[in-house]
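A.B. asks: Pasting a structure here, questions to come.
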Amino acid sequence: MSTDSESKGPEWQLPASGLARLHESLRAAGYQVIGPQVVNGAIVLRELSSAGELPFGWGVTLAPGGYRLRRRDDAAAFGHSAGPGSWKQFLHPPRQQLWSARRTADGGYSATAPPDTDAKLAFIGVRPCDLRAIQIQDEVLGADAHPDSAYARRRSAVFVVAVNCTEPGETCFCASMGTGPQAGPGYDLLLTELAGPDDHNFVVEVGSPAGDALLAELEPEPADPSVVRRARASVSEAAGKMGRTVQADGLRDLLARSHGAARWEDVASRCLTCGNCTMACPTCFCTTVEDVTDLSGDHAERWQSWSSCFDLDFSYVHSGPVRYSGESRYRQWLTHKLGTWHDQFGSSGCVGCGRCIVWCPVGIDITEEVAALRAELGEPQAGT
Ligand code: SF4
Ligand code: SF4
């Protein structure tokens, strides 16, 4: 389904009870099913032992540095914005072993790759911004001549059930970044949820042969045209309800000539260089490696874990970090994310999910920083 063009394929309709059948069919097909659920006051992504664990009736209130669950006045399962964790935790885990080595009797050593214990994953409830973030990580980690083999292996087995966004949050700006609220390509099935006092339905679209086969097991009805119209309208309206906007055009060039901007000092005076924004960001991919040995010295392991350009160690060369000041580290993050990412990977590194705004402990807002840079460098945001 598209908000501004006709759907490429037929649309189907499932009642809310169809989510349980979808979950059961995915489990029967051997998938570990991951989706949103309420845990400790937040909507996080975890294994769903049943569709009943989805956050029916829960929404969220978002603000810079603020996140609260709230009760909705309907039973929507996907009526919430991006939570603290993104899908990258499953495809590009926070910590993973790269190899281990054992000393051999002849004084040499033998190295072994970690066993492939990854389950086949099905993601339910992938929002359009996060669908695009997965594609960006595909380009970074899964493409080119030397892909991250563990990422590529996990990614190749994922079944994606995306959900069009009908209710963006106060910190969302995916419409500005061209990544939502309508999902782009990359899903196996796409849902649009319609939850009201009288009905609770999903319009379903198919994006792959695997999605087609799975949907057939659910025996959906052809979608009622009036339901499809309501679904389209609700996604269209979501584009106008984003809490934030960014003027995305020209950002690469803006950032390229921003090196001496006074705004960097201003934001550095507020930034704690904690790295929360990079951990929460669905596209940040930087890692570090650590070698560990046991006390005997006969066994060693190399582990990879997420790192951040806000860490002093991240740019440590010889006797010190290249980016010592907080100012240089914030500038590095934003300049890469919105500027040089284009040169490296052919797109922006930001999908407008707003997580970095919500999970920044001092509420630094990337959209405000961009607007301030535009103003300082003589390119006011359109409409201001
Ligand atoms: S930079 Fe912020 S808004 Fe953009 S993708 Fe990362 S977390 Fe989301
Ligand atoms: S911008 Fe916010 S979340 Fe990111 S490093 Fe600075 S204080 Fe931490």
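The numbers here are math on the coordinates, done by the rules we state, and not lab data. Quantities reported herein were computed from a predicted structural model and do not represent experimental measurements. Every residue, glycine as well, gets a Cβ built from its backbone with ideal geometry; the counts of neighbours run over all protein chains shown.
A.B. asks: Using only alpha-carbon positions, what ratio does the radius of gyration of the stretch 156-274 give when scaled by 2.2 N^0.38 Å?
C.D. replies: On the way: Rg = 19.8 Å, N = 119, 2.2 N^0.38 = 13.5 Å.
For the stretch 156-274, the normalised Cα radius of gyration is 1.46.
A.B. asks: A further question follows. Give the share of C-alpha pairs in each 10 angstrom bin for the stretch 12-239, from 0 to the last occupied bin, in whole percents, shortest bins first.
C.D. replies: 7, 31, 35, 17, 6, 3, 1, 0
A.B. asks: Kindly provide log₁₀ I(q)/I(0) values, in the same order as q = 0.09 Å⁻¹, from the Debye equation applied to equal alpha-carbon scatterers of the chain.
C.D. replies: Rounded to two decimals, the profile gives -0.57.
A.B. asks: Next question, about the same structure. Taking R0 as 30 Å, what's the FRET efficiency between Val292 and Phe345 from their Cβ-Cβ distance, rounded to 0.05?
C.D. replies: Result of the calculation: an efficiency of 0.40.
A.B. asks: Diagonalise the Cα gyration tensor of the stretch 251-376 and give the resulting equivalent ellipsoid semi-axes, square root of 5 times each eigenvalue, largest first, whole Å. Please list the in-between numbers first.
C.D. replies: Working: eigenvalues 181, 49, 42 Å².
So the three semi-axes of the stretch 251-376 are 30, 16, 15 Å.
A.B. asks: Run a plain Debye calculation on the stretch 47-95 (Cα atoms as equal point scatterers, no solvent) and give log10 I(q)/I(0) at q = 0.13, 0.14, 0.21, 0.26 Å⁻¹, rounded to two decimals, same order as the q list.
C.D. replies: -0.40, -0.46, -0.88, -1.03
A.B. asks: Between rounded, prolate and oblate, where does the stretch 220-323 land on the alpha carbon gyration tensor, with a ≥ b ≥ c its root eigenvalues, rounded for a/c under 1.5, else prolate if a/b exceeds b/c?
C.D. replies: The shape class here is oblate.
A.B. asks: Would you grab the residues whose amide H sits under 5 Å from the one on Arg46? Only those 5+ places off in sequence or on another chain, please, with H modelled 1.01 Å from N.
C.D. replies: Gly35, Gln37
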